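Beneath this line is the structure, given in structure tokens, with notes to follow.
The values are calculated or read from the model by the stated rules, or taken from the named source; none is laboratory data. Since we're looking at a predicted model, the values are computed, not measured. Note that we place each Cβ from the backbone using ideal geometry, even for glycine, and neighbour counts take in every protein chain shown. Side chains are part of the model used for accessible areas, which takes the heavy atoms of the whole protein and leaves out ligands, DNA and RNA. Shrake-Rupley method; radii C 1.70, N 1.55, O 1.52, S 1.80 Å.
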Amino acid sequence: MEIERKYLVDKIPFSLDGYHLRLIEQGYLCSDPVVRVRRDNDDYYLTYKGSGLLTREEYNLPITKEAYEHMIEKADGNVITKKRYEIPEKDGLTIELDIFEGVFEGLIFAEVEFDSVEAANAYIPPKWFSRDVTECGEYTNCALSYKGLSS
């Protein structure tokens with residue numbers, strides 16, 4: 001089960017040098033249910049995500065580079081590319097800061113995963129986070145891949 005809050009970020013008030021960086025490319029093969037293929041640095045996954053926004057089922061199956069390359073060609077809509085920085089947060093949490101490239105250049109999300117819904121609901125984000133878009137379906141990566149960024 002994935003329990004995650006998502007925020008828009010207008011401006012990052014510090015340097016990202018020294019934070020762990022992951023280069024991510026992903027495409028969506030289906031939107032209901034969500035089926036995604038992802039390259040995460042040199043790792044490759046096929047992912048199933050259930051319905052929901054704050055909480056939902058998520059299963060990751062490791063696949064080969066060759067399988068990924070075969071499936072990414074079949075992705076619907078936009079293939080998403082982004083840089084993900086992992087930033088330590090209070091209470092042992094991690095901020096996953098996604099800086100989008102390509103079609104969505106300029107878009108920045110901050111995501112934080114939790115062990116419980118209660119912890120997610122009690123979370124007080126840093127001041128540099130902008131709007132909470134956790135419950136806004138148009139800001140899921142899947143929706144972006146199919147429809148583009150809505151304003």
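Please report the carbon-and-sulfur percent of the accessible area for segment 1-77; probe 1.4 Å, protein heavy atoms only, DNA, RNA and ligands left out. Present the calculation step by step, with values, prior to reporting the outcome.
Numbers: 2180 of 4460 Å².
That fraction is 49 percent.
Tell me which aspartates and glutamates have Cα within less than 12 Å of residue 82's Cα, excluding those fewer than 8 residues away on the same chain?
Residue 82 reaches 25, 40, 96, 98, 101, 105.
With the chain treated as a Gaussian network of Cα nodes joined by springs under 10 Å, which of 85, 68, 123 yields the largest mean-square fluctuation?
Fluctuation is largest for 123.
Suppose R0 equals 25 Å. What FRET efficiency, 1/(1 + (r/R0)^6) with r the Cβ-Cβ distance, do residue 67 and residue 94 give to the nearest 0.05?
Numbers: r = 28 Å, r/R0 = 1.13.
Computed FRET efficiency for residue 67 and residue 94: 0.30.
Do the alpha carbons of any pairs in 6/65; 49/90; 6/127; 90/127 sit beyond 21 Å of each other, and which pairs?
Working: 6/65 29 Å; 49/90 27 Å; 6/127 14 Å; 90/127 13 Å.
Correct reply: 6/65; 49/90.
Ratio to report: Rg/Rh of the chain, with Cα atoms as the point set and Rh obtained by the Kirkwood method; give two decimals. Walk me through the numbers before you get to the answer.
Values: Rg = 15.1 Å, Rh = 16.0 Å.
So for the chain, dividing Rg by the Kirkwood Rh gives 0.94.
Do the sum for the chain: with -39,500 (n - 2.57) for every DSSP H run of n ≥ 4, divided by all residues, what is the mean residue ellipticity at 222 nm, to the nearest 500 deg cm²/dmol?
Working: 3 runs with 21 residues, N = 151.
Helix-only estimate at 222 nm: -3500 deg cm²/dmol.
Taking 0.36 nm per residue of separation and subtracting the Cα-Cα distance, what length does fully extending residue 134 through residue 119 add?
Gain on extension, residue 134 to residue 119, equals 4.0 nm.
Solvent-accessible area per residue for segment 29-100 at a 1.4 Å probe radius, Å²?
Numbers: 3890 Å² over 72 residues.
Roughly 54 Å² per residue, with all protein chains present.
Could you list the residues of segment 76-106 with an amide nitrogen less than 14 Å from a label point located 7 Å from the Cα of residue 146 in the Cα-to-C-beta direction?
Correct set: 76-78.
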